[in-house]
Amino acid sequence: MKLTNKEKTLLIVLIVMVYAFISVKFVFMPSLPKMKDAKNRIETAQIQLDALEEDYRNIKQYKDKIKQNEVINDRLSSYITNSASISDSIHFVENLAVLMGTSLQSISLGSPQQNVEGGATYYAFPVNFSTILTEDGLDELIKYCEGGSKKVTIKHLSIDPASKTSARESNIFKSGKQHFELNIGLLFYSMDEGTANTFLKSTRAAFERFINDNDIPIFVEDAEELPNTPTQTTQVSSTGSSDFLDISYMNADFIVFHRGYLFGGHNFETFSRFAQKRIQVTVDDPMDVTLNLGKTQYTIDCIDGDAHTYSLTGNLEDRDYTLYIQSQINTQTKENEELWLNIKIINDSGHSIHAMMEQTGDRVKIFDRDGNAIEGKSDTEKVYFQ
């Protein structure tokens, strides 16, 4: 049967329609979800690409931020215990326990608590204890807490003369000696909770091991919260006088520490109460320090024997100032043979500098701007040592 042209045309149209139906039904329609998913993936990838391009444009800012955080962490590690310095802090507490001997009356330890300040997170736990000490023991304890390089704050301190009864009941009673009842609260700091918990366990073990009364271990109580007592500071009057009998680490405006080469950690340190930044280095040769006070600003410049330089600067208050210098050098130790500390003071502030120096080894020399030795006082620089 021969098809006409019209029938051929209709047949072709029918075949095309069947093919189109099959394509739509079995090819295009099933592909729609995949096409939509592919479109979504493309849009998501474009968003991610835009974000990556934005990050790439800001990569310098990110690098600067990382460097800033590294500097912040490095500075924090100078004040706050971390995993690298926990052994030094444990050693500090063990020595503190030994200082207490058998005279400890009571002690309480608190769990580490998180604190956030200036965007930095750290942990702190309190140690509070009471004891009876002789005048010599009291001086030794306070100097140890003040001069220690460990991360500890004295939150409160009360000292009262001990009664004869309580003094005789203490295991350190010495006839003819003045005895004092001491109540002290310390705060220990850590950069992370794990280190804080390890430090707390070691502190508890140190006191349980070294402190006992008539062979009966001291019961270590639990303190629930950090003390809210503000840190006590010493107010310095416009004449430079202090509430303390002597100028010390706790109340001085400018502080310089100088120790033997075998001292754990940095054996040279200087800083000011007017700023948080410190100079902390390990030296085995002479260190030259220049303290320069202007009308409104101060500068501390340090140069070691290898010509490495360090500098601090900051703003001054309009009053007299205090300076505390502590140098502890064992001259019999070979590693300390070249350790000297030369301090030059240039005072153009118009105010006086009241100073205190405590040293063993006689390795500190103090000069005025012209290189003249200062012994006791300098009218040129208005420096007066107690």
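Would you be able to say whether some residue in segment 253-262 is within 25 Å of residue 144 (Cβ to Cβ) and modelled with pLDDT under 85? Step through it out loud before you land on a result.
Going residue by residue through segment 253-262, those that are within 25 Å of residue 144 (Cβ to Cβ) are 253-262.
From what is left, the residues that are modelled with pLDDT under 85 are 262.
Yes, because at least one residue in segment 253-262 is within 25 Å of residue 144 (Cβ to Cβ) and modelled with pLDDT under 85.
Of the strands (runs of 3 or more DSSP E) that lie entirely inside segment 243-342, those containing 3 or more residues that are in contact (Cβ under 8 Å) with a residue 60 or more places away in the chain span 254-259, 321-328.
The values are calculated or read from the model by the stated rules, or taken from the named source; none is laboratory data. Source: prediction; values computed, not measured. We place every Cβ from the backbone using ideal geometry, glycine too, and count neighbours over all the protein chains shown.
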